[in-house]
Structure formats: structure tokens, C-alpha cells
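What follows is calculated from the coordinates using simple rules that are stated; it is not laboratory data. Bear in mind that the values here come from a model prediction, so they are computed numbers and not experimental data. No Cβ is skipped: glycine too gets one built from the backbone with ideal geometry, and neighbour counts run over all protein chains shown.
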Amino acid sequence: MLQIASLTKSYGEQRALENVGFSVQEGEVLGLIGPNGAGKTTLLEAIAGLLPVDSGEIRFRYQLLPLRRRREAIFYLPDGARPYADQTAEQVLAFFGGVHRRSANDVSDIVSMVVLRPVLAKRINALSKGYNRRLIIALGFLTRHPILLLDEPFDGFDLRQTRDMMSVLRRVASGGRTLLLSIHQLRDAEQVCDRLALLADGRIRGVGTLEELRRQANRPGANLEEVFLALT
Amino acid sequence: MLSPETSLARGAPVWPLFAKELREIVSGRALWTLLLLSCPLVGYSFFQATSLYGEASAAAANSPVLATGLSPLDGILVPTFGSFYVAVTLLFPFVAIRALGEEKQSGALRLLVQLPYRTVTLVWVKLAAVFFAWLLCAIPVLSSVLIWSMAGGHLSPAEIATLFLGHLLYGLLIGAVALFAASITESSATAAIVTLAFTIGSWVLDFTIAGRPGWLEWFAHLSLTQVIRTFEQGLLSASLVAGVVVAVCAFLALATVWLPPGITVRQKLMRSAVCVGATAVALVLVTQIKASIDVTEDRRNSFALADARQLASLAEPLAITVHLAAEDPRYIDLHRNVLAKLERVMPHVSIRLATARQSFASSAGDETYGEIEYRYGARSDLSRSTSPREILPLIYGLAGVPPPAPIPSAEFPGYPLVTDSVFSLVWFLAVLPILIVLAWWRSRRLPSNNQMFLKEVVMNSSTKTLLIIAVSVIAVLLPAFAAPIKVDLANETAGAEPKGLLPVVGVWRIENDGGKKLLAVDGRQWKEGQSSAGIADKARALYGERYAEFLDRVQTYAYYPYVVAKDVEDFKNGEITVRFECLSGRIDQGAGILFNLKPNGDYLTVRANCLENNLVLWKFEKGRRSSVEWVRNTPTATRQWHDLRVRIAGSKVEGYLDGKLYLQHALPAPVSGKIGLWSKADSYMHFDDFTAAASE
């Protein structure tokens, strides 16, 4: 579905991404795992075409996806965005729904799915961090892109809310959409992702299912945290 | 719903994007603050302008010469729009920046650029929203135009439209600069500083280096404020309009280059260089456009008609070398009175400042300083005059052509008006601010949970509110810009009856007077009881099957020639104006505006009389004529052109002669009916510029 190859990005002398490459299958949930500063957000923005890179290529269904066509297949949901602070959640949802020609029923279903209905009449600047996160995710669902990149989708949720959102993401993936999640909570990643890509210091240290990574780290029975520490 | 679609090539609708941009601008405080601050600013300027204009008008009441200097464009519109210009210069950048700056700061831009729109679409839609915001900001100044009109002030649609266009282009330019600034900076505050550097920097250019010699003068022409000056002078210059459009497009192109986040700075700089290069070429090309229209009623930007025609026929190049410093007041006079007009009318004129690097102060010892050399073909001559009265004969002499015979044309009468402007203060200091605050409150009101939700994805409640505001604004302002119906005689046939007016009584025909077509009523062959040819058919054309009753009354009133305007079905409120000249008439020399013409043939008329020097409101009812209001001592000289104006507001009628209000009367019932022109008995009169401007 999506192949990333030899992606490199530097900020001056500092290498933020170095020769990053992996692929994602259709309908898969791939977790991008790494500590703060590992380059997860840089990588997602580079894939989405929002950050210029030094080298590397991205293919969609085996076809090269140049920068100008990136947004035809990929939609990136940034962490920390609080769009249109003076507008209500309903207005922002209606905007995205209108742009993507979603029916009122579609929008209403997505609102129910991410549990946004209680705050629809609130302005964005009055939303809690968790509800703002739900709104951003809902905006992603309103698009029609086959690949969604979500930066820290569970940030701001408590344990129960995280579990609920995981099941929502699984439902979306089972509908055929491909999800690439940047997650720093390893326990969350272990639960929601089909496969994992471990990123540290801008380099991919391992890609695969937890079992495959255990084998790669030579740590049978270890949890993701132990595997991550072993590989990075 | 949750499944992906791989084909995303189909375009996204623009309306949700535009609605979002509108909401974003309206939901910010900057727009409302600007509107509120504009009220006292514009209001005080308008109050001052009307007060000063009133004082000048009072002084000109008994002097037609003084009255000719009274133009609402200079006296009212330019000063009032000037205060709007100050507000736009200082505050509008904050409104425009919001269209992009907020998205950059909130992270929404990263979502926006991924939507299925081209970047250029995003930028143009933002400019469209900025344009809408500018229209809202213009409400105070447009309301001043409406107040002036309601007070009986004269308005020239062409002058207003030109001035409005100038300010609109200036507003769009500020908006484009603001969008560009927001695209290259990370915060709205920095973008505001960049934009204000453009706008206030233009003031600095104006104040410090304008009029200085050499490259400083060229640099001063880059000032944004220069955009408005030409429009304020009533000159619609194709070159200037195209230049501003190019500049707006250039800033938008640069914003388009700098907006997408996925491109390297080096690539953006290269694309910007291409944009700047293309803009420079386009600007050089537009400077070659010479077409311009002098829209002023007093033709201040043009020579007299005969001179203009004669100069336009001079085929050889005219080279003018001016030995004056650019900041010398004599050069400024020369440029305004002669050079600018020559450039407009002659096909080949080149003007060179011989003292381009010389300042006014440093030229004291130069004996040639002050000379202006005119070279036409192989002949040349010198002059120190700055007056066209001396310079034009000099040019004719060089060209070997005689000075042209003057072409008779209507002189600008001036439009004096003494009006009480206290109402305007109430409007600008109380009523309008309250309306703005209410609209602000309405825009900020949150929908209740049971009022919603998402029944209409595309058009939600806020969008509807915006539309209501927009429609209301247009509805309020439309009367001010409702095009008056003017009977155009240019396409009429000399010697024939007018096509736009229906002669009912008397002999009415088009006459050619020195190349200008005028409407004449010729009573020299008058015989009592003479209706116009084919009157039965004309009566049927006016009132259909009810024509018989009308015809009976026409026969009764056949002592009084009149024509009826075909294009005005029912005139209730507004102004009817006409210019007239009394040519001859032993019994009468009457010129009137007819109104309230009923299907039964009854009507009212306000008429002036060159033999009697009075202004009278006559009533023609049930076969009898009777005076309703009679005003004596209204100077109306024979063989001079005069302005007659009737202003109707419901049942209230006002009669003006040569801009002065003489007659006021309240009728028992509101006016309603057709309108036309009126005369009497053996009057031989000329009419021109018959105009009806209806208002709500």
C-alpha cells in the first residue's frame, strides 16, 4: 500500500531522519514507536509532504508519489493543532464534511463514533485536550484518504477513553483504511497496532509484529518495552 | 463511510472553504473593532465636510461663479473616504492577516494545505473573504454617501464609482500584502509588523521624499497611497487599474509560493524570483497603457472639448523639456494644468525634467531655470507660463494650426447645498455603533444544543447569519447606488421626435446644437388645443385600455406641451432633474418637471419661467389648472442654462433651481405616477440631462 524508502532529513548538521524505510499494508495499523525526539513527528510530516526532505521516495500502490500528489492519498493529523479556535466544533466538522462531500448522516455517525456530541456547540478554544483530540481524529475520518497518519492519537485520554479510541481505530482499519500511528506509550502501541516500526535517533531499528521484533531482539516472551530497549 | 476512496481527483466544492474563511474573519475582534473605530472617524470627517460645504454653499447662494467651484467629489466624498483610507491603512491589515495568520499559529494550516484544493485556490478564496471583510468595513463610509444623497446632495455615479474602485483596489492591495506577510512569517504579530511596514512606510515615502528630484521621486511612486490619488481626482486610468491588479496578483502569487510547508526555502526563493521578474515585466507593460477616462462632471482632467480635439489631431511628437525642479510649485501647477492633460490627449508626448538631479534650492543661479521648451517637429519655442491659456496657443503655433473655435458645451454649474448634518452625528456616534455591536453579539452567539445539529452540513447557522448580514448591507446600500434613469439623447435623430420620451402635447423634437443633441419644445407655431401627432396611439401606449379618459384630459390641457418618460412606470420617491435653456417665447418661457401623472391625465409640475422669474408648483386636476405653491424672485435668465430639480419624498415635494432650494410643499397624498417634461404655450426651450433617480 505505502512504501517509504531511504528517507533522509537534516536540520543543518543534525540528522533528524537517516535512511528511513519501511512499508505499510492496506488496512493495517502500523505503530511508529520511539522516545521523545526520536523523529516520529518529523517522519510523519515528511511522509505527508509537509516537510521538505533531503532524499528518499514514497510509493503508493507501487507508484511513485511525488510531493504535489501526496495529499491525494495521505492525510496527516498533527499533534497539538487546535484549529479555528473561535469557531464551534460543529462548524469545523461541517467545514470538513462539506469539503469532502460528506452527508449529514456521515458526519453525525462519525461524531457519535468519536463521542463528540456533547461539545458540538462549544468553541474550539473551550474544548478540553481530550475533546480537541477527538475533534482532530473526527476530521481525519471525514476525509476520504486511504492512508491516515495520526500523531499521538491517545494523548489527552484516560485509560478507558484510550481503549475506546483504540477500538474505533481498529474499526476504521477494518473498513480498509491504513493507519500509521505515532505513539510514545509502548503499552498502547502493543495493544492497537498490527505491526510496529521502532525509531530511535532518526533511524529505523526494527519493523514487524511484536513476535518478529522479539525474534529480532533475541528476547522471546519479552514485552514491547524490553524489546525496544534491546533494539535501540 | 469509513472506507477509503483512492480516487480523490474530483475537485472539492469551494463554498465550504469560502464560508469557513468568512466565519474566521467575522469571528475575530479585528473586524468589529475596525468597524466601531470607523464610525466616529468617518462620521466626524463627514460632519466636518458637510459643514464646510454648507458654509461655502451659503456664500455661493447668490453667485453662480462661486457655485461652480462646489463639487461634492472634492467637498464631501474625498474627505469622507479619506478617513476610511486611514482606517484601512492602520487597521485593515489586522483583519486581513487573520485569514491566514491564525491558521499558522493554531496548526490548522497543516490541515488546510492537505485538503483537495490547489494552493492558489486557497489563497484566492482567502482574498475573496478579505474582499468581503473590506465591504463590511466600508459600511460607515457608504452610509455617509446615502446620508448625503438623502439630504439632497448631488451625486455623480461615475465619480462615486471611480472613487469607490480606487479604495477597493487599495483595500485589496493591503489584503494581498497582508496575506503575503502572513505566509512568510510564523506569527500574526510579525505579519502585522511587515504589513504595517508597507502601509505606514508608504506614508513615510509620501511625507519625506515625494517631490524630491532624481531616483527619490521614482521611489516615491512606489507608495501604496499613490494608488488612491488618481481616483480622487476623478481619473479612471487603465494603466493604474491594471498596475494595481498586477501588484495584487503578484503578492498573491508570492503568498502561494510561500504557503505550502513541504518546499525548501531555496525553491521558494527561486519561485519568488520568477514571480518578481514576471511582475516587473507586467508592470512595465501596463505603464504603456495610455487609456484613461476623465469621469468628473467639471472635466478637470481635460482641456476644453475643442482644444482636446485639435490636440488629438496633432500627429507629430511633442517634446517638452522642463527646467524646473520636481518639487517646485510651478512644476506641480504645470503638470496638473497642462502636462498631465497633454499626455492624456496627444498621441506622442515626451516630457523631460532637465533639472532631474537639481533641487529647488540649488537652482537659484541658473538663468534657464523656469523655462519650458516645447519642440514640435523641427520647430521649438520657450515659455515660462504654467497656464494652458498661453501654452496651448504656443503649441498650435508650432504645429501651424489655428486655435480651434470653442465648442459650446454645458458648463459645470456646481452643486451648492446647505444641510443640517446633526442627523449624521447621531447615526455615526450612536445608531450605527449600536447596530455593529448587535451584529457582533449575534455573530458571537453560540447555538443551543437543541437547535442543532448538522442538518445542513454545508450551510450552517453562522454562514446563514453572514449571508443575512451581507444581504442586509446590500439592501441598505443598494438605493445609494441605484442607477438613475437618464434620458440619453446621443443616439436620437436630429429633427425627429425623441425615442425615450413620448410627446403628448406640443411639438417636441431633437435638435442639434453645435454637435450636441438636445430636446427642444417648439411653441413658435403654437395653436391652442394642439395635441401631438398620433396622440391616440401614444395614449394607448401609456395606459392601455384606459387611454380614452387620459385622452379627454389631454385635450383639456393642450395649452401646456409635455412629454412622458417611457422607462419610468411609477415614480414615488427620489429626484428628477433636468437642465434647460429658454430660447424664446412672447407669452411664456416655461420649463417644468412633470410628475404624478395619473391614468386620467391629471398631473403636477414644478416649473421655472424665464419671463416671470418664479418657480411654481402647478396642479392639473379634473380639467383645471391651479397653483399650489408659488415662489417669486427666482432668477432665471433667458439664453442661459439652468438646473431644475424636484425632490419627492412621499407627499413632500421640494423644488430647486440652480442648486438652490426655493420651494417646499406637503401634498395631501403621496406622489405616484409617471413623470416627464413640461412647457407652456409659445415657449421655445432646450432641455438636456433629464434624469430620474428613484430611492426607497
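I need to check one value: relative contact order of chain A, counting alpha carbon pairs closer than 8 Å and at least 6 residues apart, in percent. Walk me through the numbers before you get to the answer.
Numbers: 415 pairs, mean separation 64.0, N = 232.
Across chain A, relative contact order equals 28 percent.
Give the relative contact order (percent, whole number) for the range B:1-136; include only Cα pairs under 8 Å separated by 6+ residues.
Values: 88 pairs, mean separation 55.5, N = 136.
With pairs under 8 Å counted, the relative contact order is 41 percent.
Once fully extended, how much extra length lies between B:Ala59 and B:Ile587, figured as 0.36 nm per residue of separation less the alpha-carbon to alpha-carbon distance? Could the numbers behind the result be given before it?
Working: separation 528, 0.36 × 528 = 190.08 nm, distance 3.47 nm.
Separation in residues times 0.36 nm, less the Cα-Cα distance, equals 186.6 nm.
Where does the range B:28-292 land on Rg(C-alpha)/(2.2 N^0.38 Å)? List each step's numbers first, then the result.
Values: Rg = 20.3 Å, N = 265, 2.2 N^0.38 = 18.3 Å.
Taking the Cα Rg and dividing by 2.2 N^0.38 Å, one obtains 1.11.
Beta carbons within 10 angstrom, averaged per residue: use that to sort the peptides B:377-384, B:70-77, highest first. Before the final figure, lay out the partial values.
Numbers: B:377-384: 12.5, B:70-77: 23.6.
Order by mean packing, descending: B:70-77, B:377-384.
Mind listing the Cα extents of the range B:624-696 along all three principal axes, in Å, largest one first?
36, 27, 25
Using DSSP H assignments, which helices in chain A have an axial alpha-carbon span of 18 Å or above and a mean Kyte-Doolittle hydropathy of 0.0 or higher?
A:129-142
Please list, in order, the residues from the range B:391-417 whose amide nitrogen is less than 19 Å from a point placed 7 Å along the Cα→Cβ vector of B:Ala306.
Within reach of a label on B:Ala306: B:391-412.
Per residue of B:111-121, what is the mean number of Cβ atoms on other protein chains within 10 angstrom of that residue's Cβ?
Rounded to a whole number, the mean comes out at 5.
Count neighbours as other Cβ atoms within 10 Å of each site's Cβ, and list the chymotrypsin sites (Phe, Trp or Tyr not before Pro) in the range A:47-95 that are DSSP loop with at most 13 such neighbours.
Loop-located and lightly packed - A:Tyr62.
Debye calculation, C-alpha points only, no solvent: report log10 I(q)/I(0) for chain A at q = 0.07, 0.08, 0.13 Å⁻¹, in the same order as the q values.
Values, matching the q order: -0.22, -0.29, -0.78.
Let me confirm one metric for peptide A:120-130, namely the mean number of other chain beta-carbon atoms within 10 Å of its residues' beta-carbons.
Per residue, the number of nearby Cβ atoms from other chains is 2 on average.
Under a point spin-label approximation (7 Å from Cα along Cα-to-Cβ), what is the B:Leu37-B:Ser672 distance to one decimal in nm?
Between B:Leu37 and B:Ser672, the label points sit 4.8 nm apart.
Amide H neighbours of A:Arg205 under 5 Å, at least 5 residues apart or on other chains, H built in the peptide plane: list them.
Here the answer is A:Leu198, A:Leu199, A:Ala200, since their amide H atoms fall under 5 Å of that of A:Arg205.
Strictly under 4.7 angstrom between C-beta atoms: which cysteines of the protein assembly as shown have no such partner?
A:Cys193, B:Cys39, B:Cys137, B:Cys249, B:Cys275
Please list, ordered by chain and number, the residues whose modelled amide H lies under 5 Å from the amide H of B:Ser237; skip anything fewer than 5 residues away on the same chain.
B:Ile293
Based on the Kirkwood radius over alpha-carbon pairs, what is the Stokes-Einstein translational diffusion coefficient of the range B:305-399 at 25 °C with 0.890 mPa s viscosity, in µm²/s?
For the chosen part, D equals 181 µm²/s.
Could you give the alpha-carbon Rg of the protein assembly as shown over 2.2 N^0.38 Å, rounded to two decimals?
Rounded to two decimals, the normalised Rg is 1.24.
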